[in-house]
Each structure stands twice: as structure tokens, then as C-alpha cells.
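J.: One structure follows; several queries about it will come next.
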Amino acid sequence: VDEIVRSISTCQRCPLAKTRVRAVPGQGPVPAGLMLIGEAPGRSEDELGQPFSGAAGRVLDSMLEAAGLSRDRVYITSVIKCRPPKNRNPSKEEVAACAIHLQRQIERLQPRIIVLMGNVALKALVDHSLTIGTTRGKILRNDGLLYLPVYHPAAVLYNRTLANQLRDDFMLLAHLVADPQSGE
Ligand code: URA
């Protein structure tokens, strides 16, 4: 068993360890050129131990498909690995306690592109003062790594306008994957 997966599955670094059914380390090839990062597991993910396995996952799959990308070629995870009770937002303390896991995953995967799905991922990985509403679809570059902030798939579930914007951003992602210099 992979050491990072094992340390996430047995993690006791924050109180979510007491209420989770399963930790959700992530899923995908290692290494991976493209990494997608969400917020936190929900009910389905907590029960199955797999990321984006519920309604948000179906949205994500449709976006990947529209962009000609398939789930088995990308690595999918979330900022925090355990479900917050009643799906409340993760606390600052939980994000801080969990950061070591995400850092180790990024080091291991060596992605060229990271898609930040939602405000929690954008703020945790790039800058606390940024918001998805104004940053989505804009490519951020740092040390040869490209970050693409997009709406969280759960946020577009009942909003056609946001769903169209998410699809546009995944089309941009498809171009970036084909040519990481594009958009420069
Ligand atoms: N939302 C997330 O951010 N991550 C998951 O794994 C599922 C839903």
C-alpha cells in the first residue's frame, strides 16, 4: 500500500477522524500531469472512500467528457480528506492540519496543471484573498506549474449559467493539456 494513502487513511491529525466513515485520499494515476482538487468529501465519498462519487462527481464526469478527458487519466482529490459533519465548510484548523497530505501528494504526482475546484482549493493553494467568482478561467502560473481555478461542480448543479462557465473552463483545460504554452 502506498505510504501517503496509508497515512491519510489512518490520520488522526484533526477531530474529523472521529466522525468519518472513511478518509478519501484521492484517485488516479501516479505520477499525473493533471490534478483536480475539490473541497472535502461528502456523504457518498465518506461511505465509499472514493473522491467525487456522488452528484458532484457526475457533474465532474460530464465536464471531463465534454473536454475529451477521462477520469482514469487525471488524479482527483480534495483539500481535506475527511467529511465535515453535515457537509459544513472545512475550518481553517482542519485545512491546516490536512495540508501536509496534499503537499505530499503534489510532490509525488508532479503535476503540470492543477485545477482548483471552488474557493476552498483556490484559497488554500494560491491566495486567501482570491475568489472563484473573479478568478475562474484565468490561468495562474507559479514555478512552471499552471493553476486553473474553476467553480466547484456542486456549485453548478442547479445553475445553468455557472454550469456553462464550468464547461467553458474545462474546454480551456483541454487546450492547456494539449499545449501547456497556450494561453500565454
Ligand atoms: N466535493 C469535493 O470537493 N470532493 C469530493 O470528493 C466530493 C465532493
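J.: If you scan region 110-148, which residues turn out to be part of a loop (DSSP other than H, G, I, E, B) and within 16 Å of the ligand (Cβ to nearest atom)?
T.: 118, 136
J.: Another question, then. Being more than 16 Å from the ligand (Cβ to nearest atom) and within 20 Å of residue 74 (Cα to Cα) is the filter; apply it to region 149-168 and report the residue that is surrounded by the fewest Cβ atoms within 10 Å (Cβ to Cβ).
T.: 168
J.: Go over the candidates 94, 107 one by one and state the one that is within 16 Å of the ligand (Cβ to nearest atom), within 30 Å of residue 6 (Cβ to Cβ), at pLDDT 95 or above and among the acidic types (Asp, Glu).
T.: 94
A quick yes/no check of all residues on (1) within 15 Å of the chain's Cα centre (by Cα); (2) more than 24 Å from residue 155 (Cα to Cα); (3) of a type in the set (Ser, Thr, Tyr):
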residue: 6; (1), (2), (3): no, yes, no
residue: 16; (1), (2), (3): no, no, no
residue: 31; (1), (2), (3): no, yes, no
residue: 65; (1), (2), (3): no, no, no
residue: 83; (1), (2), (3): yes, no, no
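J.: Please specify each residue of region 56-82 satisfying the condition of being assigned to a helix (DSSP H, G or I), touching a strand residue (DSSP E or B) at 6+ places or on another chain (Cβ under 8 Å) and away from the ligand (no atom under 14 Å from the Cβ).
T.: Answer for region 56-82, where residues must be assigned to a helix (DSSP H, G or I), touching a strand residue (DSSP E or B) at 6+ places or on another chain (Cβ under 8 Å) and away from the ligand (no atom under 14 Å from the Cβ): just 73.
J.: Identify all residues within region 49-78 that are among the β-branched types (Val, Ile, Thr) and either out of contact with any Gly (no Cβ under 6 Å at 6 or more places or on another chain) or without any contact (Cβ under 8 Å) to a residue 12 or more places away in the chain (or both); write none if there are none.
T.: Within region 49-78, just 59 meets the criteria.
J.: Quick test for you: out of 30, 5, pick the one residue that is of a type in the set (Val, Ile, Thr), assigned to a loop (DSSP other than H, G, I, E, B) and either more than 9 Å from the ligand (Cβ to nearest atom) or at pLDDT below 95 (or both).
T.: From the options 30, 5, the qualifying one is 30.
J.: Which members of region 83-99 meet the condition of being part of a helix (DSSP H, G or I) and without any contact (Cβ under 8 Å) to a residue 60 or more places away in the chain?
T.: Selection gives 86, 87, 92, 95, 96, 99.
J.: So in region 18-37, with the set limited to residues that are in contact (Cβ under 8 Å) with a residue 12 or more places away in the chain and loosely packed, with under 14 Cβ neighbours inside 10 Å, which one is farthest from residue 111 (Cα to Cα)?
T.: Top of the filtered list is 19.
J.: Turning to a different aspect of this structure: Give the residues of region 34-55 that are more than 9 Å from the ligand (Cβ to nearest atom) and outside any helix (DSSP H, G or I), sorted by residue number.
T.: Correct list: 34, 35, 36, 49.
The values are calculated or read from the model by the stated rules, or taken from the named source; none is laboratory data. As the structure is a computational prediction, the values presented were derived from the model and not from experiment. Note that we place each Cβ from the backbone using ideal geometry, even for glycine, and neighbour counts take in every protein chain shown.
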